[in-house]
Amino acid sequence: MRKGKRWLLTLAVLISAASVGAPAGAATAAGPDGTDIKDRILAIPGMRLIEEKPVDGYRYFVLDYTQPVDHRHPEKGTFQQRLTLLHKAVDRPTVFYTSGYNVSTTPSRSEPTKIIDGNQVSLEYRYFTPSRPVPTDWKKLDIQQAANDQHRVFRALHALYPENWIATGGSKGGMTATYYRRFFPHDMNGTVAYVAPNNPDRDDSAAYDRFFATVGTPECRAAVGKVEREALLRRDEIVNRYEKWAGEHQRTFRLIGNADRAYEVLVTDLVFGFWQYQPAATACAEVPAPTAPTDALWTWMDKVGGFDSYTDQGLEKYQPYYYQAGTQLGEPKYHYPNLRGLLRYPGINNSRSFVPREIPMRFDRRAMPDVDRWVRQHATRMMFVNGQFDPWSAKHFELGRGARDSYLFTVPGGNHGANIAALKDADRTKATAELLSWAGLPVPADGRAAAQAPHDSTLDRPELAQRRTLRP
């Protein structure tokens, strides 16, 4: 997200070239010289095995890799960055996936991995535990340092997996895949970014205000607005319950200040969380009426926003995200006309409230405009998939005249879980065909492109919805 000066890779990784493996139908265990794939991976300087887990049709490794804390000055210390590798075969293409947060150590496939039937490297974002340097210099948490993390992992593994590579991720992971491409445009053969928000002007609320004024039906918007207002009219009663609940569950509010402040943030987040994750086809009928019992309001608010998400314990896991939102990424800004006269702490709902005060935060206004310009002018083989009813898609990446072989797709009625499979038929076929082409795989002559791998109920589970709404 800094202006476009690529850093020199100071720590080069030299590995012998990998050979072509066995047919793609099974996980290839060894190269032509008989060396097991695990041994070849662990021969990479800085790579360490944490564990190998059994997965039908694959080899699955949980690893960590030694990275510089500061890629500009690698001599100033290192940390261990966690990653996983779902190995199919060395002659298959590879997907480089990141959620932008922690990496899951439960085997799974991203949608592009299923479509191209390939390998998958999944990288934990720097500063999410356990991939956090100690001592922790928060100034080294920025998008260019993270892009260098990905570049070094790619360089380390590319000799073993020499076929085409595709970067992907959803939400903050989609942002991460985009930023990686901006700083290292030639590493990947293609990028698929799902529901990736883009905030080149963090002070602009117009796009979000317009979204909330027009999304869905007038009846559904009115129902959500009324229940939010009722939640604040019953504030004292529900905050007392919140405090009791926190005591019973060993939860605290030191960071935000107290349960009353945390509750106000939760309520102002409800409209965002509702449209972000709730299925529009059924969720509107489930919105409580303003006359509903407090138990019903509590249950609905916990489902949509999550009371635990606003406690110290709920916020701590995502502290690196909030730091980035307040220093480079920006965050949604919108108004609450339905709550006029009921807010006690106007302006509290922002990233500064969720990062300890002893950690300085200074916003870099150059970072997001730089990426935005690059995407508009230079995007090549990039695909953005958004959801029509997803608030994060209110400010999404746009393709300009300089973009080449790049596409912007929208899932009708889709939320923050939008994907290629949910696109209209023509868009789904087009997106699948382009992805196969970028991966170096043949596209059917009749254009009826489809996923190369059959569905696997164990590996193809959708990611769990994140509860805290002001986090993509």
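The values are calculated or read from the model by the stated rules, or taken from the named source; none is laboratory data. Since this is a predicted model, take the numbers as computed values, not measurements. Neighbour counts run over all protein chains shown; Cβ positions are idealised from the backbone, glycine included. These area figures cover heavy atoms from the full protein model, side chains too; ligands, DNA and RNA do not enter into them. Shrake-Rupley method; radii C 1.70, N 1.55, O 1.52, S 1.80 Å.
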**OP:** Please list, or write none, the aspartates and glutamates whose alpha carbon is within less than 20 Å of the alpha carbon of Lys244, excluding same-chain residues fewer than 8 places away.
**Re:** Asp236, Asp260, Glu264, Asp295, Asp302, Asp308, Asp312
Subject >> Å³ per residue enclosed by the Cα convex hull of region 353-472 >> reply: 169
Original post:
His158: accessible area at probe 1.4 Å, nearest 10 Å²?
Top reply: 70
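With every protein chain kept in the model, how would you rank Arg404, Arg181, Arg376, Arg221 by accessible area, 1.4 Å probe, largest at the top? Display every interim value, and only then the final one.
Values: Arg404 135, Arg181 5, Arg376 95, Arg221 65 Å².
Largest accessible area first, the list is Arg404, Arg376, Arg221, Arg181.
Of Lys333/Lys395; Lys114/Lys303; Lys395/Lys430; Lys88/Lys114; Lys114/Lys430; Lys38/Lys88, which sit over 19 Å apart, Cα to Cα? Walk me through the numbers on the way to the answer.
Working: Lys333/Lys395 11 Å; Lys114/Lys303 30 Å; Lys395/Lys430 24 Å; Lys88/Lys114 11 Å; Lys114/Lys430 16 Å; Lys38/Lys88 12 Å.
Listed pairs above 19 Å: Lys114/Lys303; Lys395/Lys430.
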Original post:
When all protein chains stay in place, what accessible area (Å², nearest 10, 1.4 Å probe) is found for Asp456?
Top reply: 50
Original post:
What is the list of residues in region 241-281 whose amide nitrogen lies under 12 Å from a point 7 angstrom out from the Cα of Asp312, following Cα to Cβ?
Top reply: 250-258
Original post:
Can you give the direction-averaged projected area of the convex hull of the alpha-carbon atoms in region 90-132, in nm²?
Top reply: 3.2
**OP:** Show the residues, 5+ positions off or on another chain, whose built amide H is closer than 5 Å to the amide H of Val95.
**Re:** Asn119, Gln120, Val121, Ile166
Subject >> Percent carbon-and-sulfur accessible area, the chain, ignoring ligands, DNA and RNA, probe 1.4 Å >> reply: 51
Subject >> Order of exposure, largest accessible area first, which applies to Cys220, Cys284 with probe 1.4 Å >> reply: Cys284, Cys220
Original post:
How are the C-alpha pair distances of region 41-174 spread across 10 Å bins, as whole percents from the shortest bin up?
Top reply: 12, 46, 33, 8, 0
**OP:** Identify the residues of region 314-351 with backbone N under 16 Å of a label point that sits 7 angstrom from the Cα of Arg72 along the Cα-to-Cβ direction, or state none.
**Re:** 328
Subject >> For Glu243, solvent-accessible area (1.4 Å; no DNA, RNA or ligand), Å² >> reply: 90
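Where the eigenvalues come from the Cα gyration tensor of the chain, what are the semi-axes √(5λ) of the equivalent ellipsoid, largest first, in whole Å? Don't skip to the end; give the middle numbers.
On the way: eigenvalues 299, 128, 91 Å².
Ellipsoid semi-axes (Å, largest first): 39, 25, 21.
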Original post:
In terms of modelled amide H atoms, which long-range or inter-chain residues lie less than 5 Å from the amide H of Tyr407?
Top reply: Met382, Met383, Phe384
**OP:** Extending each Cα 7 Å along its Cβ direction at His186 and Lys303, get the distance between those two points in nm, one decimal.
**Re:** 5.3
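Can you work out the FRET efficiency for the pair Ala222 and Ala421, with r the C-beta to C-beta distance and R0 = 35 Å, to the nearest 0.05?
0.65
Taking 25 °C and 0.890 mPa s as the conditions, I'd like the Stokes-Einstein D for region 55-106 in µm²/s, using the Kirkwood hydrodynamic radius from alpha carbon pairs. Intermediate values should be presented prior to the final figure.
Working: Rh = 13.1 Å.
Reported coefficient: 187 µm²/s.
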Original post:
Residue-wise, which Karplus ³J(HN,Hα) couplings in Hz belong to region 434-445, taking 6.51 cos²θ - 1.76 cosθ + 1.60, θ = phi - 60°, and x for glycine or proline?
Top reply: 5, 5, 4, 5, 4, 7, x, 9, x, 10, x, 4
Original post:
Using modelled backbone amide H atoms (1.01 Å from N, in-plane), which distant-in-sequence or interchain residues come within less than 5 Å of Gly413's amide H?
Top reply: Gln388, Phe389
**OP:** For region 204-210, just list the computed ³J(HN,Hα) in residue order, Karplus coefficients 6.51, -1.76 and 1.60, θ = phi - 60°, integers in Hz, with x standing in for Gly and Pro.
**Re:** 7, 9, 4, 5, 6, 4, 5
Original post:
How much FRET efficiency would the formula 1/(1 + (r/R0)^6) give for His455 and Gln388, where r is the Cβ-Cβ distance and R0 is 30 Å, rounded to 0.05?
Top reply: 0.75
Subject >> Isotropic mean projected area of the C-alpha convex hull, region 115-157 (nm²) >> reply: 4.0
Subject >> Separation of the Arg254 and Asn350 label points, Cα + 7 Å toward Cβ, nm >> reply: 2.5
Subject >> Over region 129-228: Rg over Rh, Cα atoms, Kirkwood Rh >> reply: 1.14
**OP:** Give a residue-ordered list of calculated ³J(HN,Hα) values for region 58-72 (Karplus: 6.51 cos²θ - 1.76 cosθ + 1.60, θ = phi - 60°; whole Hz; x for Gly, Pro).
**Re:** 9, 10, 10, 10, 9, 10, 9, 9, 6, 10, x, 4, 10, 5, 6
**OP:** Tell me the label-point distance for the pair Lys139, Thr35, using the 7 Å Cα-to-Cβ offset, in nm and rounded to one decimal.
**Re:** 4.1
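Remind me, what semi-axes does region 285-357 give for its equivalent ellipsoid, largest first in whole Å, using sqrt of 5 times each Cα gyration tensor eigenvalue? Could you put the intermediate results ahead of the total?
Numbers: eigenvalues 144, 56, 25 Å².
Equivalent ellipsoid of region 285-357: 27, 17, 11 Å, largest first.
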**OP:** Kindly rank 198-206, 113-121 from highest to lowest mean number of other beta carbons found within 10 Å of each residue.
**Re:** 113-121, 198-206
Original post:
What's the center-to-center distance, using Cα atoms, between region 330-356 and region 163-187 in Å?
Top reply: 31
Original post:
If you roll a 1.4 Å probe over the heavy atoms of the protein chains, what accessible area per residue do you get for the chain, in Å²?
Top reply: 41
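Would you kindly state how much longer the chain becomes between His335 and Leu399 on full extension, computed as 0.36 nm times their sequence separation minus their alpha carbon distance, in nm to one decimal? Write down the numbers at each step before the final one.
Details: separation 64, 0.36 × 64 = 23.04 nm, distance 2.79 nm.
Gain on stretching His335 to Leu399: 20.2 nm.
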